[in-house]
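The values are calculated or read from the model by the stated rules, or taken from the named source; none is laboratory data. The model shown is predicted, which means the values in this text are computed figures rather than measured ones. We place every Cβ from the backbone using ideal geometry, glycine too, and count neighbours over all the protein chains shown. Surface accessibility is based on the protein's heavy atoms, side chains included, excluding ligands, DNA and RNA. Shrake-Rupley method; radii C 1.70, N 1.55, O 1.52, S 1.80 Å.
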Amino acid sequence: MPFPPPPRTLLGPRRRSLLASAAGAALLVGCSTDGGDSGTTGGSESAAEHARARAATDSETLLQHYDEVLAAHPTLADRLDPLRAEVVRHAAAFGGGSGGSTASSSPSASASASSAPVAATPGDALADLATAERALADRRAKALLDLPGELARLLASVAAAGAAHAYLLTEGAK
């Protein structure tokens, strides 16, 4: 009687393991600005500060997108409020913060500042938010390669959180 062939061995980590590792790394790194940019030098400080300012602006723009969707579809508040709160923390971690307290008290105030219309249905609005989160996470993942230590870790953490937000926004659509 012949023996069955040995089970196929995987040649690397599984997709779930990679996602769990990325989520774990994001939790370990956190969104802290303590400790400064330990790897910055005189020539890279301006590039690092430019990247930090860009990240803050990107987070504030994303926050505005959340506020617009909430103003157009208030029934999504339970689902979007925790994610929006994280985006506020991300903006603050990068030195932003203009959208933190003022936008949370008046989402319609920032809704008029943007020219992009919000999708008519809640499902489409969530899909648009997920696309925005995913695109920003991808841009941040590419940008962190050129940044020094602490700022690169912060950007990686926020990019991982953005990818998780994109997943959570599309989770119920299937």
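General observations
- Among the residues here, E86 does not qualify as part of a helix (DSSP H, G or I), at pLDDT 70 or above, within 25 Å of L145 (Cα to Cα) and open to solvent by 70 Å² or more (accessible area, probe 1.4 Å).
- Taken together, G123, G96 contain a single residue that is part of a helix (DSSP H, G or I) and either at pLDDT 85 or above or buried (at least 20 other Cβ atoms within 10 Å of the Cβ) (or both), which is G123.
- Qualifying positions in the range 126-151 - touching a residue at least 60 places away in the same chain (Cβ under 8 Å) and open to solvent by less than 50 Å² (accessible area, probe 1.4 Å): L129, A132, E133, L136, R140, A143, L147, P148, G149, E150, L151
- Scanning the range 34-73 for residues that are open to solvent by less than 70 Å² (accessible area, probe 1.4 Å), of a type in the set (S, T, Y) and either outside any helix (DSSP H, G or I) or modelled with pLDDT under 50 (or both) returns T40, S44.
- Residues in the range 74-83 that are open to solvent by less than 70 Å² (accessible area, probe 1.4 Å) and either free of Cβ contacts under 8 Å to residues at least 60 places away in the same chain or closer than 14 Å to L136 by Cα (or both): L76, A77, L80.
- Subset tally (residues that are farther than 14 Å from V87 by Cβ and part of a helix (DSSP H, G or I)) for the range 136-159: 16
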